[in-house]
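Enquirer: If you scroll down you'll find the structure; I have some questions about it.
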Amino acid sequence: MKSTFLMGMVLLLVVLTGCGQQANQDDEAGAAKDELVFASTKDIRDINPHLTGGELAAQNMVFESLVVNTADGVQPKLAESWEISPDGLTYTFHLRKNVVFSDGEAFNAEAVKKNIDAVVSNYDKNAWLNLVQEIDNTKVVDEHTLALTLKHPYYPTLEELGLTRPFRMISPKSFIDGTTANGVNGYAGTGPYILTEHKDNQYALFASNERYWGEQPKIKQVRWKVMPDHQTILLGLQKGEVDLIFGADGDMLDANAFSALQEGGKYATKISHPSGSRSILLNSNRAFTKDKLVREALQYAINKRTIATGILNDTEQIADTLMSKATPYANIDLSIRSYDANQAEQLLDQAGWVKSDDGYRYKNGQKLHLLLSYNSDNAQEKTIGESMQSDLKAIGVELEILGEEKQAYFDRQKSGDFDLQYSLSWGLPYDPQTYVSTWRVPSHGDYQAQAGLEKKAWLDQTISEVLLEQDESARAEKYKEIFTYVHDEAVYLPLTYSVVKAIHSDRLQGVDFNVSQYEIPFEKMYFQ
């Protein structure tokens, strides 16, 4: 099998390159290393924080927000403190003083107002975040105080202000014609690093920001090296040319390569707590999967143990429900649909799909043929798809798996032209509020998969209501209704709860995880 071959290759490379790597490390041992090389399959692209095109980890290095999401909840960042009016409508932020953007521009209430106003005015690009729709106005109270007023009391306000985008602060000098909607003329932020050089699809260099108001990062330069091929990343690590591989959802190395390196013991490895939910969308608006019995049959047909253990090497926990019970408002009792091929076959029989001599099921002369599309850049989605293909064939369902380049995959997601498609929740601090909020946006696969549900209008309305609900008990009850409905309708086939993984040289210390799986805390890292 390919996975076995790959693991063998990894182990062989460990042996063949071990001497060279040790030599490199020995050469470096006597001198302080001040550049970290991070390998990524993706270019940073346009890191304007007010748009959605750039890599979040790169934006997080350069731009900061008023508040920050941490494991201990929302904490101060560029705002030292804040008050919320009794009616829940006005947030008054007291800004940190003696902060300047990396281009020398002063950070003050006027700059914050310009940033928030720029995001809100670019509604079409930023409406995916519900807070953008809820902001009524901003007002400069004094040089270091800003008041933000909402249209309605909105409980996730602070959490969404602390996300990596779009409410990050960029120097007003970078604006073009008073806005950031059509691009910027520079990337000056207040964060610990500044972008000094960028070659499209090759590399980006980030240097420590000498004007940074906080503690200076110990690593003076981060080289973001674009290496689209996972084998090339692996070779780079083995040759000592890469210091850090970091990511989730197969963006870095597949589970076999990660496990082989972990077992080899030559590199430090780390796995985060579960950060999101990996599931399969079952499109309720398509010819065959619009039948709830078919969607339920698929729930029982997939052997998640094979995926969690055989493909993901037990690095991810099996998911019985869409959201883990550790997710806020998701600790509710739902029926569990464990692997049961006989149950799956009975449901398909009940739905009128009859098994023929060729082993597949037919109804009204049509074969039960389904399409699963996936992002071909992902290191493990194809393998998971092949496992599902085998499981479904056993009950008489033909599954076509279609790998496409990322943009084509997204286009298909927006059009709803799929029977099955991968879905990954965004994890904390996005789950559950921001995640369910996007279910109402037609460009998202979730919306398309739910579009055929009888109560889709009710679902969208209930999501709108829960985001404005101020009573904690009433809010919890609405989330319960939302998660129970999508579970009962079987539009999500939960697979596992995803994690973030890091592999790095032993010399690199301070590698850790932020709350958001999309951020990489380079500023905490240092070489020993």
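The values are calculated or read from the model by the stated rules, or taken from the named source; none is laboratory data. All figures in this text were calculated on a predicted structure; none of them were measured in a lab. Methodologically, a virtual Cβ is constructed for each residue, glycine included, from the backbone with ideal geometry; neighbour enumeration extends over all protein chains shown. The area values use the complete protein model at the heavy-atom level, side chains included, leaving out ligands, DNA and RNA. Shrake-Rupley method; radii C 1.70, N 1.55, O 1.52, S 1.80 Å.
Enquirer: In debye to the nearest 20, how big a dipole does region 83-152 give about its Cα centre with +1 on each Lys and Arg Cβ and -1 on each Asp and Glu Cβ?
Expert: About 80 debye.
Enquirer: Which stretch or stretches of region 65-82 have amide N atoms under 18 Å from the point lying 7 Å from residue 472's Cα along the Cα→Cβ direction?
Expert: 72-75
Enquirer: So, with a 1.4 angstrom probe, what is the percent of accessible area on the chain that is carbon and sulfur? Don't skip to the end; give the middle numbers.
Expert: Working: 10200 of 21600 Å².
Carbon and sulfur atoms account for 47 percent of the accessible area of the chain.
Enquirer: Between residue 207 and residue 465, with labels modelled 7 Å along Cα→Cβ, what's the label distance in nm to one decimal, could you check?
Expert: Roughly 5.7 nm, to one decimal.
Enquirer: Which of the peptides 331-342, 185-196 is most tightly packed, and how do the rest follow, judged by the mean count of other Cβ atoms within 10 Å per residue? Don't skip to the answer; put the middle values down first.
Expert: Working: 331-342: 13.6, 185-196: 22.0.
Highest-to-lowest ranking by the protection proxy: 185-196, 331-342.
Enquirer: Next question, about the same structure. Calculate for the chain the 222 nm mean residue ellipticity that helices alone would give, adding -39,500 (n - 2.57) per DSSP H run of length 4 or more and normalising by residue count, nearest 500 deg cm²/dmol.
Expert: Numbers: 16 runs with 166 residues, N = 528.
One gets -9500 deg cm²/dmol as the mean residue ellipticity at 222 nm.
Enquirer: Still on this structure: Using the crude model of +1 on Lys and Arg Cβ and -1 on Asp and Glu Cβ, and no other charge, please compute the dipole size for region 305-397 relative to its Cα centre, in debye to 20.
Expert: Values: 9 positive and 13 negative charges, 52 e Å.
The calculated dipole for region 305-397 is roughly 240 debye.
Enquirer: Further question: What accessible area per residue, rounded to a whole number of Å², is obtained for the chain using a probe radius of 1.4 Å? Intermediate values should be presented prior to the final figure.
Expert: Details: 21600 Å² over 528 residues.
In whole numbers, the chain has 41 Å² accessible per residue.
Enquirer: Which one, 437, 387, 372, projects farthest toward the positive side of the charge dipole computed for region 329-478 from Cβ point charges (K/R +1, D/E -1)?
Expert: 372
Enquirer: Please enumerate, by chain and number, the lysines with C-alpha under 20 Å from the C-alpha of residue 114, excluding those fewer than 8 residues away in the same chain.
Expert: Qualifying lysines at Cα under 20 Å: 77, 97, 125, 139, 151, 173.
Enquirer: Go through 275-284, 239-248, 454-463 and give me the packing order, highest mean Cβ count within 10 Å leading.
Expert: Working: 275-284: 24.9, 239-248: 20.8, 454-463: 15.0.
Going from most to least packed, we get 275-284, 239-248, 454-463.
Enquirer: What is the Cα centroid distance between region 416-447 and region 326-356, reported in whole angstrom?
Expert: 21 Å
Enquirer: Report, ordered by chain and residue number, the lysines lying within cross-link reach of residue 225, taken as a straight Cα distance under 26 Å and ignoring same-chain residues fewer than 8 apart.
Expert: 33, 42, 199, 239, 266, 270, 382, 406, 501, 524
Enquirer: Treating only the Cβ atoms of Lys and Arg (+1) and Asp and Glu (-1) as charged, compute the dipole magnitude of the chain about its Cα centre; round to the nearest 20 debye.
Expert: Numbers: 51 positive and 74 negative charges, 91 e Å.
It comes to approximately 440 debye.
Enquirer: Further question: Using Cα pairs closer than 8 Å and at least 6 residues apart in sequence, work out the relative contact order for region 362-466, in percent.
Expert: Values: 111 pairs, mean separation 25.6, N = 105.
About 24 percent, as a whole number.
Enquirer: Does region 58-126 come out rounded, prolate or oblate, given a ≥ b ≥ c as the square roots of the eigenvalues of its C-alpha gyration tensor, rounded meaning a/c under 1.5 and, failing that, prolate meaning a/b above b/c?
Expert: Working: a/c = 1.34, a/b = 1.15, b/c = 1.16.
It comes out rounded by the Cα gyration axes.
Enquirer: Starting from the Cα of residue 363, draw a straight line to each of the lysines and keep only those under 23 Å, dropping any in the same chain fewer than 8 residues away.
Expert: Cross-link targets: 290, 292, 355, 393.
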